[in-house]
Amino acid sequence: MKLLKKTGLNFISASIFFFLFGSLGGYYFIRYAVNKMFDNELLEAQRVVENSRISDLSFADVKIDTLQSKVETITYSFRDTVIKSQINEGFDFYRKLEYFKPHNDQIIRYEVLRSTAPADLMVMKFTLMLTVFPVLFFLILYLVNRASIKYSLSVFYDTIAKLRTFDVNKDNRLDLMPSDVDEFEQLNDVFNAMDRKIKEDYVRLKEYTENTSHELQTPLAIITTKLDELIQADNLTEDQIKLVAGLIETTNRLSKINQALIFLAKLDNRIFANNEHVSINQIISVELENLQPMIEESELNIERKDNEPIKVIMNRSLAHTLVQNILKNAIRHNTEGGYINISIHANRLIIANSGLASEFEPEKLFGRFKKNSQHPHSLGIGLSIVKRICDISGISISYQQKGSEHIFELTFHQTS
């Protein structure tokens, strides 16, 4: 629930609560005051009756009855009553004073009645006033409060929008909207400082990674060249040749890891930004042809079903790398004489291959340097590159294992 809506509901709930009890309290207070006024008038009428000047009463009616019971003191009681109207078929409301007075051996009952019609109209007007004016007051107060909060929160929403589009690769600053609220100004200062710090740290890390990776290429190339020259020497023993061959293999492996890390750094820096219309079906054909020697060496059976063509908008080089790495993974982690099934749909590519059971959980398979113990020569970085390409190209990728079958499914969202 948004803050503006929550504060509005809280304000309305509190207003209804106080308005309800305030109105009821106001009504009963007015009603009590009016009844006290009537009671005083009825007592004044009682004094007139006691002085035998009933003809002077112009605001009350008097009824006198004689009872055959006894009472030692005069008792009074006030209450509301209704009497059938003599003008129409309705009823009129009265305030009644009833008291008993002993006279000789008899009891005289006096009833002094006062019509409440004018006062009821006044009470109704006051009640209406207590209802309408507070409602208008709370409505105006609510609208003013809502507008004030909405204006104050505009800075907050602007900050959220700019944080959502924040890209560490861009040179522009957040440029947050200024506010007259101290708390928002403090928040803006924190975000601006964080923006500067993140970009400074990112630039340093980026430069360090790029410099380290590129500087490693030269000594690795020199080492490889020297080892190639050494292995061609005539005076080496068989054990020395094996040792040098192992060093060459390790150096080549280190060079490949370095190149893969450079490629990942380029992906993180969004260097591959030239998107175009790409046919996944065509790229699969090209990569299968390029990987044909590896497929024949493992004696794999390739089954392909092009149900519908897939045409996407992405970088062509990344598309080739994406398909190549998935196919290489399916070949490398397969069994001799196994199979690779490729199914192409309108926006989905499914690649399933036979192989040994995986020891990794599916959600951890795309992590860097996750290697299968059955394939120690794997770099363990190919699927990480695949996942990164999918992330920056708007492609969903999932993996599942059914028995000894490994299934990768890619869903392309930016189809053309």
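The values are calculated or read from the model by the stated rules, or taken from the named source; none is laboratory data. Only a predicted model underlies this, so the values are computations on that prediction, with no experimental measurement involved. Please note: Cβ atoms are built from the backbone with ideal geometry, for glycine as well, and neighbour counts cover all protein chains shown.
Against the condition in contact with a Pro (Cβ under 9 Å, 6 or more places away or on another chain) and either polar (S, T, N, Q) or assigned by TED's automatic domain parsing to the domain that holds Asn258 (or both), how does Asn188 come out, does it pass?
yes
Of the residues Ile160, Ile149, Ile108, Ile140, which single one is within 43 Å of the chain's Cα centre (by Cα) and farther than 20 Å from Phe184 by Cβ?
Sole residue among the options that is within 43 Å of the chain's Cα centre (by Cα) and farther than 20 Å from Phe184 by Cβ: Ile140.
I'm told Val181 meets every condition in (1) surrounded by 13 or more Cβ atoms within 10 Å (Cβ to Cβ); (2) closer than 30 Å to Leu24 by Cβ except one. Can you identify the failing condition by its number?
For Val181, the failing item is (2).
Kindly indicate whether any position in region 59-72 is surrounded by fewer than 14 Cβ atoms within 10 Å (Cβ to Cβ), assigned to a helix (DSSP H, G or I) and either among the hydrophobic types (A, V, I, L, M, F, W, C) or modelled with pLDDT under 70 (or both).
no
Can you find even one residue in region 271-280 that is within 27 Å of Thr411 (Cβ to Cβ) and part of a helix (DSSP H, G or I)? Please lay out each step first, then the result.
Filtering region 271-280 for residues within 27 Å of Thr411 (Cβ to Cβ) gives 271-280.
Next, only the ones that are part of a helix (DSSP H, G or I) stay: 280.
Yes, because at least one residue in region 271-280 is within 27 Å of Thr411 (Cβ to Cβ) and part of a helix (DSSP H, G or I).
Looking at (1) modelled with pLDDT of 90 or more; (2) of a type outside the set (S, T, N, Q); (3) assigned to a helix (DSSP H, G or I), which is the only condition Cys390 fails?
Result: Cys390 fails condition (1) only.
Inside region 85-94, can you point out the residues that are at pLDDT below 75 and either within 27 Å of Lys36 (Cβ to Cβ) or surrounded by 13 or more Cβ atoms within 10 Å (Cβ to Cβ) (or both)?
The initial filter retains those residues of region 85-94 that are at pLDDT below 75, namely 85-90, 92.
If the condition is that a residue be at pLDDT below 75 and either within 27 Å of Lys36 (Cβ to Cβ) or surrounded by 13 or more Cβ atoms within 10 Å (Cβ to Cβ) (or both), then Ser85, Gly90, Asp92 are the ones that fit.
Only one of (1) surrounded by fewer than 13 Cβ atoms within 10 Å (Cβ to Cβ); (2) under 40 Å from the mean Cα position of the chain (by Cα); (3) hydrophobic (A, V, I, L, M, F, W, C) is not met by Ile222, so which one is it?
Going through (1) surrounded by fewer than 13 Cβ atoms within 10 Å (Cβ to Cβ); (2) under 40 Å from the mean Cα position of the chain (by Cα); (3) hydrophobic (A, V, I, L, M, F, W, C) one by one, Ile222 breaks only (2).
Using the structure shown, decide if Leu410 is assigned to a strand (DSSP E or B) and either modelled with pLDDT of 90 or more or closer than 22 Å to Leu264 by Cα (or both).
Yes, satisfied.
Which one of these is in contact with a Leu (Cβ under 6 Å, 6 or more places away or on another chain), surrounded by 14 or more Cβ atoms within 10 Å (Cβ to Cβ) and under 30 Å from Ala14 (Cβ atoms): Thr159, Thr127, Thr131?
Thr159
Report whether or not Ile149 is over 20 Å from Tyr202 (Cβ atoms) and out of contact with any helix residue (DSSP H, G or I) (no Cβ under 8 Å at 6 or more places or on another chain).
In short, no.
Please indicate, with yes or no, whether at least one residue in region 272-282 is of a type in the set (Phe, Trp, Tyr) and within 42 Å of the chain's Cα centre (by Cα). Quick ask: steps written out before the conclusion?
Filtering region 272-282 for residues of a type in the set (Phe, Trp, Tyr) gives 272.
Narrowing the set further to residues that are within 42 Å of the chain's Cα centre (by Cα) leaves 272.
Yes, because at least one residue in region 272-282 is of a type in the set (Phe, Trp, Tyr) and within 42 Å of the chain's Cα centre (by Cα).
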